[in-house]
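Inspection log for the structure reproduced underneath, given as structure tokens.
The values are calculated or read from the model by the stated rules, or taken from the named source; none is laboratory data. Owing to the predicted nature of the structure, the values given are computational and were not obtained by experimental measurement. Don't worry about glycine lacking a Cβ; one is built from the backbone with ideal geometry, like all the others, and counts go over all protein chains shown.
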Amino acid sequence: MSAYAKTIRREVEARAKKPVRVGSIVVALSRIRHEKTKQKPLVPNAEIEDLSVKSGLAEISFERTRENLARLRTLYGVHDTETSNFFMVTHGAGEITIVAPDASLPRIARAIRPAKPKAVIKNLVALTVRFRRDYVSTPNVIFSFVRHLALKRINIVEIVSTYTELTFLIDQRDLQETFLALNKLRAAKTPH
């Protein structure tokens with residue numbers, strides 16, 4: 001640090017507008033270094049407790065209007081969540097997006113009719129990661145998960161979250177690579 005302090009001494013003196021001893025600069029650098037090492041890492045080591053996959057899904061999006069919201073209510077009563085095991089609805093500021101099994105698309109389209117979908121995306125897979133409750137208060141946990149997929153250049157079509165779950169909707173073609181990337185984050189299981 002003293003070698004570095006010597007190289008920045010002139011700049012420090014120019015900013016301070018007075019002479020500064022090298023020892024004073026070293027002390028200041030030591031304090032800065034100590035404070036920086038106390039900070040938590042930008043990308044936490046997030047672990048996945050469980051990873052599940054659901055394939056054969058599609059996404060359908062509509063404009064968010066009062067009429068479409070009313071039509072959506074009828075869909076809740078019609079959709080059989082017991083047999084499909086996957087049904088997500090997201091109410092955004094201007095859109096309603098439904099993710100359900102591919103076979104449910106005709107029924108969904110009939111329920112929302114006469115509204116025309118903004119988009120229909122088929123051949124999707126949902127990978128749901130479950131994580132510890134304390135991650136909710138840990139900065140950048142979601143970034144940590146997304147980062148692993150971004151480094152592999154995997155396109156994420158949609159992300160949906162609940163309290164301790166994060167679901168990535170991806171194209172069927174990216175399933176294997178996505179599964180491998182996320183599976184590396186699984187919490188180590190201790191033998192009983």
Please identify the pairs in which a residue from the stretch 147-164 that is closer than 13 Å to Leu124 by Cα has its Cβ atom under 6 Å from the Cβ atom of a residue that is among the small types (Gly, Ala, Ser), counting only partners at least 6 apart or on another chain. none
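Table: residues versus (1) under 20 Å from Leu72 (Cα atoms); (2) outside the structural domain of Arg64 (by TED's automatic domain parsing); (3) touching a helix residue (DSSP H, G or I) at 6+ places or on another chain (Cβ under 9 Å); (4) modelled with pLDDT under 90.
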site	(1), (2), (3), (4)
Thr83	yes, no, no, yes
Gly92	yes, no, no, no
Ile96	yes, no, yes, no
Leu105	yes, no, no, yes
Ile108	yes, no, yes, yes
Asp134	no, no, no, yes
Val160	yes, no, no, no
Lys189	no, yes, no, yes
On the basis of being within 29 Å of Arg130 (Cα to Cα), free of Cβ contacts under 8 Å to residues at least 24 places away in the same chain and either outside any loop (DSSP other than H, G, I, E, B) or out of contact with any Leu (no Cβ under 9 Å at 6 or more places or on another chain) (or both), does Arg73 make the cut? yes
State which residue is surrounded by the fewest Cβ atoms within 10 Å (Cβ to Cβ) when the search covers only the stretch 1-32 and only residues that are among the aliphatic types (A, V, I, L, M) and more than 45 Å from the chain's Cα centre (by Cα). Ala14
Residue that is farthest from the chain's Cα centre (by Cα) [pool: residues in the stretch 108-156 that are surrounded by fewer than 18 Cβ atoms within 10 Å (Cβ to Cβ) and β-branched (Val, Ile, Thr)]: Val120
